[in-house]
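Notes for the one structure printed next.
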Amino acid sequence: MTSSSSGSEYALELDRGDELAAFRERFVIDDPDLIYLDGNSLGRLPKATIGRLRDMVEREWGVELIRGWNQGWIDLPERVGAKMARLVGARPEEVIMADATSVNLFKLVMAALAARPDRTKIVTDDLNFPSDLYILQGILASAGPEYELVVVPSSDGINGPLDALAAAVDEQTALVTLSLTTFKSSYTYDMAAVTGIAHEAGALMLWDTSHAVGALPINLSDAGADLAIGCSYKYVNGGPGSPAYLYVRQDLQEQLRNPVSGWMGQRDAFDFGLRYQPAAGIRRFLTGTPAVLSLVAVEIGADLLLEAGMEQIRRKSAAQTEYLIDLWRRELAPLGFRLNSPLDTARRGSHITIGHDDGWRIAQALIAEMKVLPDFRAPDNIRFGIAPLYNSYAEIHEAAGRLRRVVTEERFLAYPTATTVVT
Ligand SMILES: *Cc1c(COP(=O)(O)O)cnc(C)c1O
């Protein structure tokens, strides 16, 4: 690889001083030469998950059958929720695991609108995750013509439009909803400050923490957040399609109604009464039967993060993203690569977005020929998700070197310019 050996020596030195280095061994690394930098889309498989899932399938499902529900399955949404609560700075009785993040967003936005019946405005920004915007658009289509969705634009596509958001939030605003760490640029909001803006206007605040949970410490309680949601298959390593978490601050729980009021959120689900009566507390936000197999995998992912400590993870993540930005400045910027993430570490999550006029072709070459797995987000963004539990400094150094080679050796020229598949 073209990068200087002194550079890789330095990376190895950083790895030797890494207090979290041993956690890499806790994950399945099938091909050590494959550099996986997509933990912000799908986290790696923890080794412990294999045995746990095997036991779950063979013994708990295979042998126990329906009896499993009374041997712990029914409590999994709360039990795993309590672990997730520790990752997001909430009390155990404020978090539950259910459904996909998008579905939880629908439930909480509908609940929030019903709780602010004299207000008709939802405020978000254009850095928010597309699915979040689709859900909001869908809600608007059915909520009635008096409702309005304000999507505040970012001036540069990188930084959150803080001032414009503050100006958009008014006494008509029922809800402000944003991604804590935005998926494209990694921009990360000051949670307490923005929650304060919403509250000053009397609006509720809903945070989507999907790109942040497991990557940086979150404190929903300290920030005064009302509502929150987030994925468990990204930095939490819960596996493909694992359910999301849903948070409702305790004092709000009895005031809010779950619009998808299924039997798992019913007070006495197994009485099979014909009239819906919400369960007490956070359980009312459940809808259908929990994804038992996925939930045990999420528990292992959450346990690994708790064992490592979110402060330690953030420290390493900050150092690793700074290291990648340093490599970008010295080795990639001269080749036309742009940094599409904030320079300020405090305003950044654990992924780094690098743009290039030939970004799509470069990403294809990187994946097909160079054994680096980042992902690509239109129009020109190559995203490098750094998961401190298993990514090493040497991998980051090597990935930057391979990225460089794709351009210096003109490998990308062999690939089509039109975007065909989204990775
Ligand atoms: C990944 C992600 C999602 C995914 O939602 P699902 O419904 O679980 O597929 C939602 N919001 C944000 C901000 C994300 O990053």
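Structure summary
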{"item": "Residue in the range 109-124 that is within 16 Å of the ligand (Cβ to nearest atom), of a type outside the set (V, I, T) and either farther than 16 Å from A203 by Cβ or touching a strand residue (DSSP E or B) at 6+ places or on another chain (Cβ under 7 Å) (or both) present", "result": "no"}
{"item": "Of residues in the range 283-304 being assigned to a loop (DSSP other than H, G, I, E, B) and in contact with a Gly (Cβ under 7 Å, 6 or more places away or on another chain), the one surrounded by the fewest Cβ atoms within 10 Å (Cβ to Cβ)", "result": "G288"}
{"item": "Residue in the range 63-85 that is aliphatic (A, V, I, L, M), touching a helix residue (DSSP H, G or I) at 6+ places or on another chain (Cβ under 7 Å) and under 30 Å from S185 (Cβ atoms) present", "result": "yes"}
{"item": "Any chance L127 is crowded, with 16+ Cβ neighbours inside 10 Å, in the same structural domain as A203 (by TED's automatic domain parsing), under 18 Å from the mean Cα position of the chain (by Cα) and away from the ligand (no atom under 12 Å from the Cβ)", "result": "no"}
{"item": "Failed item in (1) free of Cβ contacts under 8 Å to residues at least 24 places away in the same chain; (2) over 20 Å from A228 (Cβ atoms), with V57 passing the rest", "result": "(1)"}
{"item": "Close pairs (6 angstrom Cβ cut-off, 6 or more residues apart or separate chains): closer than 19 Å to S41 by Cα in the range 126-138, within 10 Å of the ligand (Cβ to nearest atom) and part of a loop (DSSP other than H, G, I, E, B) anywhere", "result": "L127/T182; F129/F183"}
{"item": "Residue match in the range 246-256 (condition: assigned by TED's automatic domain parsing to the domain that holds D132, within 30 Å of D55 (Cβ to Cβ), buried (at least 19 other Cβ atoms within 10 Å of the Cβ) and within 16 Å of the ligand (Cβ to nearest atom))", "result": "yes"}
{"item": "Sole residue being closer than 20 Å to L42 by Cα, touching a helix residue (DSSP H, G or I) at 6+ places or on another chain (Cβ under 7 Å) and hydrophobic (A, V, I, L, M, F, W, C), chosen from L339, L286, L305", "result": "L305"}
{"item": "Condition met for L324 (exposed (fewer than 15 other Cβ atoms within 10 Å of the Cβ), touching a helix residue (DSSP H, G or I) at 6+ places or on another chain (Cβ under 7 Å) and on the phi < 0 side of the Ramachandran plot)", "result": "no"}
{"item": "Residue list for the range 165-197, restricted to those being more than 21 Å from the chain's Cα centre (by Cα), crowded, with 16+ Cβ neighbours inside 10 Å and without any contact (Cβ under 8 Å) to a residue 40 or more places away in the chain", "result": "A166, I197"}
{"item": "Residue check, G273 more than 20 Å from the chain's Cα centre (by Cα), within 16 Å of the ligand (Cβ to nearest atom), surrounded by fewer than 24 Cβ atoms within 10 Å (Cβ to Cβ) and assigned to a loop (DSSP other than H, G, I, E, B)", "result": "no"}
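The values are calculated or read from the model by the stated rules, or taken from the named source; none is laboratory data. None of the values given here were measured: they were computed from a predicted structure. Don't worry about glycine lacking a Cβ; one is built from the backbone with ideal geometry, like all the others, and counts go over all protein chains shown.
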